[in-house]
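Only one structure is covered here, and it is reproduced in the block below.
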Amino acid sequence: MKRNELARLIDHTLLKPDSTRRDARRVCEEAKEHGFAAACILPAWVADAAEILEGSSVAVCTVVGFPHGAHATATKLFEAEHALADGATELDMVLNIGRLRSGEDAFVRDEIRAIVAGAGRAVVKVILENAYLTDDEKVRGCRLAEAAGAHFVKTSTGFAPGGATHDDLRLMRATVSSAVQIKAAGGVRSLDALLEVMALGVTRVGATRTGAILDEYRSQVA
């Protein structure tokens, strides 16, 4: 794998609640320098990201309903609309975990569908937050996301008790069709870990320790 191919698998991510404008702009500059797939930052800094990444191949990614997914649908729609107006081109939305666990599948599907419809040409990734779900709930969440037209299903926010596990990634890949991609987030901190999840069918990884991953790549190539 060439370095640019590796970089295109990664969403360079900064979603810490105490991150500053300077932090967010630094992450965007790094994403632009290395040619990552996206810079994923908090909604407050989307306009800054759009300014920095304009004209580059790096997508401007932000989050909706983050990190718990329990916002009202109207709130999520407003968040998405505001982010898109500021220049976001990818939205990582947290599905309503409590509604899914309550068996309210139609609600979950319709909420995702509303976000997808409102996003237009923007990519929508649906975060399941697997740490809180049974395998049956993970399967249902994946199927509802696909039925609603989502482009990706994603393992986690990085703020729950657990992140991306190999068992979950196998289950997600087996559940959705080839039309839906898989994003692993939470715990992918090394080159080996990234390659392992890619072998399971993952096509995008959310990562914060991207510098270490690229350093390992350079070392192995050398």
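Please treat every number below as a calculation from the coordinates, not as lab data. For clarity, every value in this text was computed on a predicted model and none was experimentally measured. Because the Cβ atoms are built from the backbone with ideal geometry, glycine has one as well, and the counts that use them run over all protein chains shown.
Reported to two decimal places, what Rg/Rh ratio describes the chain when computed on Cα atoms with Rh from the Kirkwood expression?
Value, to two decimals: 0.95.
For the chain, list the cysteines whose Cβ sits under 4.7 Å from no other cysteine Cβ?
Singleton cysteines: Cys28, Cys142.
Using the 10 angstrom Cβ neighbour count as an exposure proxy, how do Thr203, Thr175, Thr13 rank, fewest first?
Values: Thr203 16, Thr175 19, Thr13 24.
Starting with the residue having the fewest Cβ neighbours, the order is Thr203, Thr175, Thr13.
Could I have the simple spin-label model distance between Ala147 and Arg189, label points 7 Å from Cα toward Cβ, reported in nm to one decimal?
Output for this residue pair reads 3.8 nm.
Which lysines have a Cα less than 18 Å from the Cα of Lys183, not counting those fewer than 8 places away in the same chain?
Reachable lysines: Lys125, Lys138, Lys154.
When ranked by the protection proxy of mean other Cβ atoms within 10 Å per residue, highest first, what sequence do the peptides 179-187, 48-56 form? Please report the intermediate quantities before stating the final value.
Details: 179-187: 21.6, 48-56: 16.8.
With the highest mean Cβ count within 10 Å placed first, the list reads 179-187, 48-56.
Would you mind checking which residues have amide H under 5 Å from Gly69's amide H? H placed 1.01 Å from N; only 5 or more apart, or other chain.
HN-HN under 5 Å from Gly69: empty list.
Under the rule of -39500 (n - 2.57) per DSSP H run of 4 or more residues, summed and divided by the residues of the chain, what mean residue ellipticity at 222 nm is obtained, to the nearest 500 deg cm²/dmol? Mind showing how you got there, number by number?
Details: 10 runs with 105 residues, N = 222.
Computed mean residue ellipticity for the chain: -14000 deg cm²/dmol.
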